[in-house]
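Trainee: One structure, as structure tokens, below. Some questions next.
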Amino acid sequence: MPAVAPAALKGVSPEVSGKWVCIATPLDLRAGMTNVTLPANGIVRLRPAESGMLAADFNRVFTGAGVRMAVARGDVLLCVFDRALEVATVDPEAVAGRDVFAFQPAGSDSAVLRRLMSEIEMWLFGHEVNRLRADAALQPVSGLWLWGGGPTIPMLPAVHGWTSGQDPFFAAFGEVTQFPSESGSGVVVSTVYPGSDGWDAMQGRWLSPAVEALKRGRIKRLDLSAGDKRLSVGADWNLKFWRRKRPWWESFDMNVSSSNALQ
């Protein structure tokens, strides 16, 4: 499998050429006296028009810098570089709630990403996108976290099964809009969590049909994961846990928060 960003780049149309690509995740960073922290809810989801605005303005401001910005499926921002980089990065989900210093890019070319991240913070200060978000009482975007990088690839590997949901990697392989009527392996990634807006719709659209397919023997197993918690339900499992009054996610001691997407 390719790295996350090279896979996501294949969903960009028209495709942007380059040697190396990484994801640029919008963040709402908080600066203290001695540190910079990414709050637990500091990963920002942009509105579709905002992603396009940032990409267009980035390419205007940073023209000639050997890097371009593109928008992949799911409004994921990507930075595409003219040359290959040797650098290791960290998923921002692992940084949420912590001081970001220990999670900066590392490796022989890490200075390239660190410098660009600093320049991006200055570029975003007072940006039109943030003015629009302030008018809508939404979180500002104070930085872009560069991660998931790797060399660009000529094509995606073949996969058996289907995918859906808001994930930069799986979205690259196409998107099913409803639970398939035929059996087969699949992955659904959701950024909503129990109790949040959109959760009832997500449960009705994906989880309930999956449980019904499990009961009817159309699928052999249903895996539910959130953060570092996971529940695997087999065809012989007693599904009373799904119907009881207590929420089913408490069955595997899930600590629900806005930073835990459910897959």
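No lab work stands behind these numbers, since they all come straight from the coordinates. Please read all numbers here as calculations on a predicted model, not as lab measurements. All Cβ positions, glycine included, derive from the backbone under ideal geometry; neighbour counts span all protein chains shown.
Trainee: Can you give me the long-range amide H partners of residue 163? Hydrogens built in the peptide plane at 1.01 Å from N, cutoff under 5 Å, separation of 5 or more residues or another chain.
Mentor: 176, 187
Trainee: How many percent of DSSP beta bridges within the chain run antiparallel, rounded to 5? Mind showing how you got there, number by number?
Mentor: Values: 31 of 35 bridges.
Antiparallel bridges: around 90 percent, rounded to the nearest 5.
Trainee: Summing -39500 (n - 2.57) over the DSSP H runs of n ≥ 4 in the chain and dividing by its residue number, what mean residue ellipticity at 222 nm do you reach, to the nearest 500 deg cm²/dmol?
Mentor: On the way: 7 runs with 59 residues, N = 263.
Mean residue ellipticity, 222 nm, calculated: -6000 deg cm²/dmol.
Trainee: Same structure, new question: Classify segment 34-125 as rounded, prolate or oblate from the Cα gyration tensor: take a ≥ b ≥ c as the square roots of its eigenvalues, call it rounded if a/c is under 1.5, otherwise prolate when a/b beats b/c and oblate if not.
Mentor: Values: a/c = 1.69, a/b = 1.14, b/c = 1.47.
It is oblate, given that a/c is not under 1.5 and a/b is not larger than b/c.
Trainee: Can I ask one more? Assuming 0.36 nm per residue, please report the length gained on full extension of the stretch residue 235 to residue 29 beyond their Cα-Cα distance.
Mentor: Details: separation 206, 0.36 × 206 = 74.16 nm, distance 4.43 nm.
Taking 0.36 nm per residue and subtracting the Cα distance, the gain is 69.7 nm.
Trainee: Can you give the local net charge around residue 185? Use residues other than it whose beta-carbon is closer than 14 angstrom to its beta-carbon, Lys and Arg +1, Asp and Glu -1. Mind dumping the intermediate values first?
Mentor: Details: positive: 218, 220, 221; negative: 182, 223.
That sum, taken over residues with Cβ under 14 Å, equals +1.
Trainee: Just report the Cα centroid separation between segment 1-49 and segment 205-222, whole Å.
Mentor: Measuring centre to centre over Cα atoms gives 33 Å.
Trainee: Amide H of residue 29: which non-local residues (sequence gap of 5 or more, or other chain) have their own amide H closer than 5 Å, using H built in the peptide plane?
Mentor: Residues meeting the criterion, in which the H sits 1.01 Å from N, are 142, 143.
Trainee: Also, quick follow-up: Report the calculated FRET efficiency for residue 86 and residue 60 (r = Cβ-Cβ distance, R0 = 25 Å), to the nearest 0.05. Spell out each step's value before the answer.
Mentor: Working: r = 29 Å, r/R0 = 1.15.
In this case the efficiency is close to 0.30.
Trainee: Could you work out how far helix 48-61 tilts from the main Cα principal axis of the chain, as a 0 to 90 degree angle to the nearest 10?
Mentor: It is inclined by approximately 20 degrees.
Trainee: Amide H of residue 36: which non-local residues (sequence gap of 5 or more, or other chain) have their own amide H closer than 5 Å, using H built in the peptide plane?
Mentor: 100, 101
Trainee: Now for a different question. Suppose the chain between residue 201 and residue 181 were pulled fully straight at 0.36 nm per residue; how much longer would it get relative to their current alpha carbon spacing? Please report the intermediate quantities before stating the final value.
Mentor: On the way: separation 20, 0.36 × 20 = 7.20 nm, distance 1.85 nm.
Going from the current span to full extension adds 5.3 nm.
Trainee: Hey, another quick one. Quick check: from the Cα gyration tensor, does the chain come out rounded (a/c under 1.5), prolate or oblate?
Mentor: Values: a/c = 2.07, a/b = 1.58, b/c = 1.31.
Prolate, since a/c reaches 1.5 and a/b exceeds b/c.
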